[in-house]
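Visitor: The structure that follows is given in the form of structure tokens.
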Amino acid sequence: RSVESEKESSFSDNLIIRRSINISSSDSSTIFVSPQTSKSTDDSQLLVTAMSDDDVSSRLNAVTLLKDENSIIQIAMSDEEPEIRKLAVTMLKDENNIMHVAFSESETDIQKLAVSMLKDQNHLKHIVYSDVDADVRKVALSKLASRSDIEHLARFDMDREIRKTASQMLTKIDEKKQ
């Protein structure tokens, strides 16, 4: 037996799969499949695996298959394994979700990863002016585009390393102008 063609179409609450199976004569049959095969259910099943499987590699694999941003942020914010949270962060698309991780994550490496993914200058300013971790602030500072903010940090920031980094950035900006 060989499957010649397979078509899927949605009908009411069920998914209809039509298959033509070559058995000596052409036999066409219709199979009704419950809505469990829908993508949203697949994502919810993946989320269950990603959040509750005892095997870390199974959870990592499930996370890589997630498509739903809400599921991904849930993993990024709550998984006990930093490796899994880090993977989930790299999959985030929504700037506000990335900012949420950047501002609330307890692991510095994951926080720096999230900050490095930010594009919104207001989010970056918020991090550089308010985060307590100097390394996280440096990542945000390196992405700032506002010369006035960089100048302000170079002159007035409480952290000597931030002032130094901002001053070095200003020097590079001035060198490019020449």
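Rule-based calculations on the coordinates, nothing more; no lab input. No experiment lies behind these values; they were computed from the predicted model shown. Quick reminder, even Gly has a Cβ in these numbers, built from the backbone with ideal geometry, and neighbours come from all protein chains shown.
Visitor: What translational diffusion coefficient, in µm²/s and rounded to a whole number, does the Stokes-Einstein relation yield for the stretch 43-178 at 4 °C and a viscosity of 1.567 mPa s, taking the hydrodynamic radius as the Kirkwood radius over Cα pairs?
Guide: 81
Visitor: Now a separate question. Calculate the FRET efficiency for Ser44 and Ala145 from the Cβ-Cβ distance with a Förster distance of 41 Å, rounded to the nearest 0.05.
Guide: With a Förster radius of 41 Å, E is 0.55.
Visitor: Using 24 Å as the Cα-Cα cut-off, could you pick out the over-long pairs in Lys86/Lys164; Lys86/Lys176; Lys112/Lys177; Lys119/Lys176; Lys138/Lys176?
Guide: Lys86/Lys164; Lys86/Lys176; Lys112/Lys177
Visitor: Show me, for the stretch 74-82, the HN-Hα J-couplings you get by feeding each phi into the Karplus relation (A = 6.51, B = -1.76, C = 1.60, θ = phi - 60°), rounded to Hz, glycine and proline as x.
Guide: With the stated coefficients, the stretch 74-82 comes to 4, 5, 4, 8, 10, 5, 6, 8, x Hz.
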